[in-house]
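Worksheet: one structure, shown below.
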């Protein structure tokens, strides 16, 4: 009987953030700068106010100076000189404030990026399972969150600073405009408000384009990394795939670029229109003031002040409009960042301790599939592994072996049934503590661009610098001699991509079989693990190396609970029991001899492998190159 489907829906791209989330994003971004660098953010705020007030003060000093000089012979020379010195000193102070503000702005921006990225990837690390990482929509959201972490907080805080500076500037200049020709203030405010609304509309359109283009840009990054990946370089060159992948790279980038250019063209037209309107307003004001001065209503200083004030207000509005648009984009993007931080874990947390395994591990009626609408991978699996025994797991590709391992490591939870650790459901246990009791060599093991010692030592992070322990694991995996013979021994960088961090020398790379032994040594670092899982630990080894590794592993796992997965059935003959997975169900279980006597799935698979070796023996015999007996063929199988 098939269990009912779970409720529809899966983790995916969230809806665009609403106004409340954007307001929260803006406030959080502002607060973040004070958390990242309290002194720098406070100094930047004060410096920004000073920079905003300075132009207005300079305009007033210039007006007073010109008015004094305009008195001709009645001018007070001492007062004029004092005003000139004050104007020069203010200009010098403004220049210093601008340099200080530029440095403080860079300081705050860089500290913000560090703080936001630290928080973002700490959250990503807290996802206990794998479901998020196998969801393309999640990767699109993560990319948007990463994009937000780079510039969005800075853009929001820059808008705050620009607003402070602009308000200070406008406040200083507004009095001058009101004193000379009051309607100018209203005209400039109307044009500035219209420009602000248009820029905010463009910002919303721009973020929508970014959201829609995220998948395209992620594909672009994938093809770009693929074309420079040393692991892919062989096939790309052998099969002539460079042009094929490059074409897809350019197509993904072009599609995203065209959408952004459309927004940019619209923005250029709108901003050009407002620039022309600003020029008309400024010209109108200029005509009014010049005519007034010609009729004696305004002094030369009034004209000078009006020109400076009008330009200052227009400049302040232009700055605040541009920053408001960037802040709106930043707030909306930062909403994706905050949304990701609020994302619940894909696995419910447990808080019970994970005790040492003394009884057994049991899979009880376990059903699992990766997607609610997808096929069942495991279908009612019942399996018991007594503590201290080794169970071999056999099955064709796609039978569910790797999925079963993922469930044991609690990367996923069963949709139905339970996995019990000495009778306790592993879902009730602390995930990190449970995994600490498991050592795994995955079939799709990782090759890290680290030193040889680090590649092994990270298997038990607290002991990553314990070279004796690292070498012991390497010796058990049969790779110690190879690593000691490297140019810098265990401190050799295992990479063709990165240089050595200490002396900048190129690293080296290992063969597939050697890398597999390194991965095996990594899992063996957990010498106190209760459960040892070996998923195809010798698939890349030659027969002699495979025999040596299995003999060493046999000694290592003696008395431990072990799950052994291999397509080479001969490697599992010494297991205490062998289970055969067929279409997500345990079809057979028993010792090698018992399963052979059943003449079922296992016997058929074993016979096919043995036949392959027998054919090879016949071929060698026909060529006069030697012979292989049926018994040795069976053992090799």
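Things to note:
- Total residues in region 577-589, condition out of contact with any helix residue (DSSP H, G or I) (no Cβ under 7 Å at 6 or more places or on another chain) and not in a loop (DSSP other than H, G, I, E, B): 5
- Candidates in region 272-311 are the residues that are touching a residue at least 60 places away in the same chain (Cβ under 8 Å) and closer than 23 Å to residue 200 by Cβ; of these, the one that is farthest from the chain's Cα centre (by Cα) is 281.
- Among the residues listed as 347, 378, the single one being closer than 30 Å to residue 529 by Cβ and modelled with pLDDT of 90 or more: 378
- Single match in 338, 347 (criterion: in a helix (DSSP H, G or I) and surrounded by fewer than 22 Cβ atoms within 10 Å (Cβ to Cβ)): 338
- Pick from region 412-440, criterion touching a strand residue (DSSP E or B) at 6+ places or on another chain (Cβ under 6 Å) and assigned to a loop (DSSP other than H, G, I, E, B), ranking: surrounded by the fewest Cβ atoms within 10 Å (Cβ to Cβ): 415
- Evaluation of residue 555 against (1) in contact with a helix residue (DSSP H, G or I) (Cβ under 9 Å, 6 or more places away or on another chain); (2) under 22 Å from residue 611 (Cβ atoms); (3) surrounded by fewer than 16 Cβ atoms within 10 Å (Cβ to Cβ) (one fails), failing number: (2)
- Residue 378 meets each of the listed conditions (1) touching a strand residue (DSSP E or B) at 6+ places or on another chain (Cβ under 9 Å); (2) surrounded by fewer than 19 Cβ atoms within 10 Å (Cβ to Cβ); (3) under 22 Å from residue 582 (Cβ atoms) apart from (2).
- Beta carbons closer than 8 Å, at least 6 apart along the sequence or on distinct chains, never pair a first residue in region 253-271 that is within 16 Å of residue 203 (Cβ to Cβ) and not assigned by TED's automatic domain parsing to the domain that holds residue 320 with a second that is at pLDDT 80 or above and in a helix (DSSP H, G or I).
- Which numbered condition residue 223 misses (of (1) out of contact with any helix residue (DSSP H, G or I) (no Cβ under 9 Å at 6 or more places or on another chain); (2) in a helix (DSSP H, G or I); (3) closer than 30 Å to residue 511 by Cβ): (1)
- Annotation for region 293-300: no member residue is closer than 25 Å to residue 167 by Cβ and at pLDDT below 80.
- Checked against (1) modelled with pLDDT of 85 or more; (2) out of contact with any helix residue (DSSP H, G or I) (no Cβ under 6 Å at 6 or more places or on another chain), residue 43 passes all but condition (2).
- Residue 180 closer than 20 Å to residue 311 by Cβ, surrounded by 15 or more Cβ atoms within 10 Å (Cβ to Cβ) and at pLDDT 75 or above: no
- Search result, residues across region 441-485 that are within 17 Å of residue 512 (Cβ to Cβ) and in a loop (DSSP other than H, G, I, E, B): 442, 443, 444, 445, 446, 447, 448, 449, 477, 478, 479
- For residue 363, the stated conditions hold: it is buried (at least 18 other Cβ atoms within 10 Å of the Cβ) and either at pLDDT 90 or above or under 17 Å from residue 418 (Cβ atoms) (or both).
- Given (1) at pLDDT 75 or above; (2) within 19 Å of residue 384 (Cα to Cα), number of the condition residue 559 does not satisfy: (1)
- Residue within region 233-247 that is in a helix (DSSP H, G or I) and either outside the structural domain of residue 335 (by TED's automatic domain parsing) or under 29 Å from residue 58 (Cβ atoms) (or both) present: no
- Given (1) surrounded by 19 or more Cβ atoms within 10 Å (Cβ to Cβ); (2) closer than 30 Å to residue 140 by Cα, number of the condition residue 298 does not satisfy: (2)
Okay, residues lined up against (1) buried (at least 18 other Cβ atoms within 10 Å of the Cβ); (2) over 21 Å from residue 338 (Cα atoms):
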position: 97; (1), (2): yes, yes
position: 114; (1), (2): no, no
position: 136; (1), (2): no, no
position: 144; (1), (2): yes, no
position: 148; (1), (2): yes, no
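The values are calculated or read from the model by the stated rules, or taken from the named source; none is laboratory data. Model, not experiment: these values are computed from the prediction. A quick note on method: Cβ atoms are made from the backbone with ideal geometry, for glycine too, and the neighbour counts reach across all protein chains shown.
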